[in-house]
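Accompanying notes for the structure given below.
The values are calculated or read from the model by the stated rules, or taken from the named source; none is laboratory data. Everything numeric in this text was worked out from a predicted model, so none of it was measured. Note: ideal-geometry Cβ built from the backbone for every residue, glycine included; neighbour counts use all protein chains shown. What goes into the accessible areas is simple: the full protein's heavy atoms, side chains included, and nothing from ligands, DNA or RNA. Shrake-Rupley method; radii C 1.70, N 1.55, O 1.52, S 1.80 Å.
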Amino acid sequence: MRKLAAGNWKMNGTAASLAEVAALIAAQPDPACEMLLCPPATLISAMAQAARGSALQVGGQDCHPKTSGAHTGDLSAPILADAGATHVILGHSERRADHGETDALVRAKAEAAIAAGLVAIVCLGETEAQRDAGDTLQVIGAQLTGSVPPAATAAQLVIAYEPVWAIGTGRTPTPDQIAEVHAFLRARLADHIGAEAAKVRLLYGGSVKPSNAAEIFALPHVDGALVGGASLKAADFAPIVAALSAA
Ligand code: PGA
């Protein structure tokens, strides 16, 4: 399985930020893993153009479950694909919180993404209160079952485990906590989609940075990372890509 280093720029980035793309491609011209950046939708087309012929792939951060229609301000999966996206992040905890996205909606979006030929990166993760209550695996299991299309293949699907309390906080779970959740995800995914589950990339996300990447990538069932803050600068993201390439 080819591992995946994915960057999520969230609501950050203007045309000037494309300088980071050139720097990243120069720093990692031929990584041993896949390399993806998901900028604001306004930059997808220009970033895809800047990345043409390189190892860098470009993705969206959300899509609508319908292909087209009267949905002001939304973007469909075919529109993202037309702009040059190959992947789309779905069900990020910030969208679940800011926009009330449910598991059923995330699943519908994932089905739309796959139908448009995009790789769906489905995000899951517990809140701090859920972890403290001992509910982590139950919460994540329910999110997986509700959000992941059961017919998805390994080529169409990536799962990102992102504990909400680790996102943008500088706090990360212990290696044992990450390993426990990833082993659980692999098993639960097998119940849900069958044998393909063995080949689905399971990413860890939440305060991944150059200084902790190698330790996280050494854990079983960790097939890459979804990186927020540390994906904005090539100087931070390139060493994370290098650490994954070496894992
Ligand atoms: P972070 O964000 O790396 O800034 O913690 C991760 C994410 O939300 O994908």
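Rolling a 1.4 Å probe over the heavy atoms of the protein chains gives region 4-246 an accessible area of 40 Å² per residue. Note on surface exposure: 211, 17 rank 211, 17 by accessible area, highest first, 1.4 Å probe.
Taking only the alpha carbons of region 1-152, we obtain Rg and Dmax values of 16.2, 48 Å in that order.
For the chain, the number of Lys pairs with C-alpha atoms closer than 17 Å, counting only pairs eight or more positions apart or on separate chains, is 6.
Accessible surface ranking for 96, 171, 1.4 angstrom probe, highest first: 171, 96.
Across region 149-242, Cα-Cα pairs more than 20 Å apart make up 37 percent of the total.
The trypsin sites (Lys or Arg not before Pro) found in region 190-239 that occupy coil by DSSP, while having at most 15 further C-beta atoms within 10 Å, are 233.
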